[in-house]
Amino acid sequence: MKRFNRICVAAALVCGMATSAPAQTLGEATRAEALAGAIAGSDDGRKAIERYLDGGGLPEVAAQRAATLIRELRRGDLVADPLVLQAAADRIASAASRSFISAQIFRAQVMPGFDIGTGRLGFDFGPPDSDVQPGFVKVTARSEMVKGPQPAAMRRPEGEALSRDGIRNLRQIRLPVPPGNYRVFLMTDDIGVPQATTNPFGTAMKINGQRVRVAAATPQTWAADTYLAEPGRYLADPAAAAEVARRGAAKSATSAGIVMMRAEVQDGFLVITFDGDAGLETYLTGLILEPDDSEESIFAPSEEARRALFTTPERILEAENVVNEAVAQLLNDVVTEANPQQLASLLDQSSPVVEPSGDVSPN
């Protein structure tokens, strides 16, 4: 009865979390919500784990959060059933693996005099009568390039042309793009509407068939600053990007967000499809493509943003090891304390494992 009550308490926490919309749409999940979600194993619980881990930003931070959750499964004494503990640890480890390789949304500042330059394509989303960023193609809610359930244009009275207006509730964009390999910069803005900013690019995207998971992040938890400026060697040269960050306009408040991805175009179209949760919408303000082999870029990341953008395989492996060690320690503790029937269940055996009672080999 005690074990049943503990599981019910954890499930009740998740049920309460699911009915508390502001907690899930206005900020990242708390550690308690993520822990309860890991134990309950529901879809809402999975999302709570992901939102908590994604809020860490860098793989090493997400790994420490995951390891702490796994350790707290034992320390919190919420669950006595070793199978439930094992399943909860596996859910946390799986969510961490997804978080390590997810695209991050960064705060973005469009610098005065921003120029898309030559060899790039730009698409500016918004109402038909809104200003268009110089060098960009206008995309409206009625354009054949966009699809969605009742897409609607939005506009703020202030701000620069690229981020102050956009289109809500899109599920697909299909843009004419010459064949090639590109860096893709997709932009959004914090318009103060939780439905459109909790996952402005959806929970995941398919870019010409390749799936990219987007880290769950509301505007309050977007990653470190990035800047759009005249073309320069910002990706290859950290000092050049740092110069942009020192400009006076870089210190201004911004409500824009940006995500960087890569895509290959073969048939003359860039097609991006967005996965969304019920009750949530996408919100796009602009899209920029530049050749992936170009030495120059219009995208200048801060030092912190650069660390998240260029996560090395070695750093991901180290993060995986931190989580795997926490799982291994939990399983070792569980096996040590399990009775024969529980051990049989853990090992997926039909009968308990019983050690021989004699000290002498039967041979």
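The values are calculated or read from the model by the stated rules, or taken from the named source; none is laboratory data. Note that the structure is a prediction, hence the values are computed from the model and not measured. Cβ: placed from backbone, ideal geometry, glycine included. Neighbour counts: every protein chain shown. All accessible areas refer to the heavy atoms of the entire protein, side chains included, with ligands and DNA or RNA removed. Shrake-Rupley method; radii C 1.70, N 1.55, O 1.52, S 1.80 Å.
For segment 269-292, taking the residues that are modelled with pLDDT of 95 or more and in a loop (DSSP other than H, G, I, E, B), the one that is farthest from THR118 (Cα to Cα) is identified as THR285.
Inside segment 142-177, can you point out the residues that are among the aliphatic types (A, V, I, L, M) and either within 21 Å of ASP277 (Cα to Cα) or without any contact (Cβ under 8 Å) to a residue 12 or more places away in the chain (or both)?
Result: VAL146, ALA152, ALA153, MET154, ILE167, LEU170, ILE173.
In the set ARG183, ARG174, ARG120, ARG156, only one residue is modelled with pLDDT under 95 and of a type in the set (Lys, Arg); that residue is ARG156.
Test PHE125 against the criterion of being over 15 Å from the mean Cα position of the chain (by Cα), of a type in the set (Phe, Trp, Tyr), modelled with pLDDT under 95 and closer than 30 Å to GLY232 by Cβ, and give yes or no. So PHE125 does not fit the description; no.
Among the residues of segment 243-269, which ones are within 30 Å of GLN220 (Cβ to Cβ) and open to solvent by less than 40 Å² (accessible area, probe 1.4 Å)?
VAL244, ALA245, ALA249, ALA250, SER255, ALA256, GLY257, ILE258, VAL259, MET260, MET261, ALA263
The conditions of being touching a residue at least 12 places away in the same chain (Cβ under 8 Å), outside any helix (DSSP H, G or I) and either open to solvent by less than 50 Å² (accessible area, probe 1.4 Å) or in contact with a Cys (Cβ under 8 Å, 6 or more places away or on another chain) (or both) are not met by GLU295.
Does segment 64-79 include one or more residues that are β-branched (Val, Ile, Thr), over 19 Å from the mean Cα position of the chain (by Cα) and not in a helix (DSSP H, G or I)? Looking for residues that are β-branched (Val, Ile, Thr), over 19 Å from the mean Cα position of the chain (by Cα) and not in a helix (DSSP H, G or I), one finds at least one in segment 64-79, hence yes. Summed over segment 93-119, residues that are part of a helix (DSSP H, G or I) and open to solvent by 50 Å² or more (accessible area, probe 1.4 Å) total 2. If you go through segment 122-137 one residue at a time, do you hit one that is touching a strand residue (DSSP E or B) at 6+ places or on another chain (Cβ under 7 Å), open to solvent by 40 Å² or more (accessible area, probe 1.4 Å) and closer than 30 Å to ALA319 by Cα? Looking through segment 122-137, none of the residues is touching a strand residue (DSSP E or B) at 6+ places or on another chain (Cβ under 7 Å), open to solvent by 40 Å² or more (accessible area, probe 1.4 Å) and closer than 30 Å to ALA319 by Cα. Exactly one residue among ARG168, ARG156 is over 23 Å from the mean Cα position of the chain (by Cα) and either closer than 15 Å to LEU284 by Cβ or of a type in the set (Asp, Glu) (or both), and that residue is ARG156. Within segment 275-288, the residues that satisfy the criterion of being at negative phi and open to solvent by 10 Å² or more (accessible area, probe 1.4 Å) are ASP275, GLY276, ASP277, ALA278, LEU280, GLU281.
Can you name every residue in segment 213-236 that is surrounded by fewer than 19 Cβ atoms within 10 Å (Cβ to Cβ) and at pLDDT below 95? Of everything in segment 213-236, those that are surrounded by fewer than 19 Cβ atoms within 10 Å (Cβ to Cβ) and at pLDDT below 95 turn out to be ARG213, GLN220, THR221, ALA224, ALA236.
Residues of segment 293-326 being at pLDDT 95 or above and within 30 Å of GLY148 (Cα to Cα), which ones? The answer is ILE298, PHE299. When the residues of segment 250-268 are filtered to those that are in a strand (DSSP E or B) and over 12 Å from GLY180 (Cβ atoms), which remaining residue is nearest to the chain's Cα centre (by Cα)? In this case the residue turns out to be VAL259. Considering segment 53-92, and only residues there that are open to solvent by less than 10 Å² (accessible area, probe 1.4 Å) and of a type in the set (Gly, Ala, Ser), the residue that is nearest to TRP222 (Cα to Cα) turns out to be ALA62.
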